[in-house]
């Protein structure tokens, strides 16, 4: 098949971006022709992939969204593809992958919870936000897709509920993980290296948070909870991997909660696999998370995980068996309680081992196989019509 994948960025960093990188590689390996329509690309691992530069006007979300839509549509019309798959803010595709979940629900759960009324007004009513809502409504209109791929049953249900999409139009394909890159063996290779890099002791108990966009990921509530958790035998450290445009505010929060000396902001990392290897516990108390691929990466790395029920990845977790689930990610006391459970080494080892076993089921090969089955179904439909 001749396949076009459309997204603004192609890189190994980021959930959607990392997935596109892995999928494109698998499609090439199985004999398909892959074209990527994006604004910029980096860390390309196979020169057989064909890239098409899509211009973006870099002035606010409104212009970024509409310029990418306009120029990508113009470029796509020049070619004849068997399958066009879109990610993010794209329309007029054969297959749309709803990695970002349902923005309408995100607004309800995150944006409208802003304490500052001025900030809440700006975030809800700015042109970029309305553009996202408009594009989302178009994406889920029947003329703009032949099949939708949801990353969790949670996302499928949100789309059906908010946009009246027929359930049979949506296929749930959970994210996958590279168990060669993310695995417990990495501890021996990278634990000491990463800890020394950030001034962490080899005996410290390190709690890892990975994510960009700290407000949605619940970092403030985590830091507040972290301030009340103590361990008489080991120093507790919180290692934050990722970035946020308001990161200075989170450094201030760390000072306010009196944990500044125990919170390390490592920034975005391409070698995030090494950070899982250097840690003892993984936590992601997201307020809204369509899936949360980092949860699966942590599980594959053998870490016990604490994640919010607001995350699609929670569908893979049996609470107390292969991970711990948060009912309310805004509740610092509940977060602290879950962290205290994992101060016990035996509990950590048991949950981490079972998490690893769970993650092994979600392979890159299986994900690519399911995705190709969706492509084949769409192609059959096309042949019937034409």
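Please treat every number below as a calculation from the coordinates, not as lab data. What you see is a predicted model, and the numbers here were worked out from it, not measured in a lab. So basically every Cβ, Gly included, is an ideal-geometry build from the backbone, and we count neighbours across all protein chains shown.
Here are a few things to note about the model shown:
- Taking the centroid of alpha carbons for each part, segment 4-75 and segment 273-289 are 27 Å apart.
- Label-point separation in nm, residue 235 to residue 360, each point 7 Å along Cα→Cβ: 3.6
- Length gained on full extension, residue 328 to residue 47: 96.6 nm, using 0.36 nm per residue less the C-alpha separation.
- Overall dimensions of segment 1-61 as given by Cα atoms, namely Rg and Dmax in Å: 11.6, 39
- As a size descriptor, the averaged projected area of the C-alpha convex hull of segment 254-386 was calculated at 10.9 nm².
- Fewest neighbouring Cβ atoms within 10 Å first, the residues 358, 252 line up as 252, 358.
- The chain - mean residue ellipticity at 222 nm from DSSP helices (-39,500 (n - 2.57) per run, n ≥ 4, rounded to 500): -13000 deg cm²/dmol
- Taken along the Cα-to-beta-carbon direction at a fixed 7 Å, the label points for residue 251 and residue 185 span 3.9 nm.
- Each part gets one Cα centre, and for segment 293-323 versus segment 170-245 those centres are 13 Å apart.
- Under a Gaussian network description of the chain, with springs only between Cα atoms under 10 Å, the residue in 221, 62, 291 that fluctuates furthest is 62.
- Volume in Å³ per residue [convex hull over Cα atoms, computed for the chain]: 136
- For the chain, the longest principal axis of the alpha carbon atoms and the long axis of helix 345-359 meet at an angle near 10°.
- Rounded to 10°, Cα long-axis angle of helix 332-341 versus longest principal axis of the chain: 70
- The chain - percent relative contact order, Cα under 8 Å, separation 6 or more: 15
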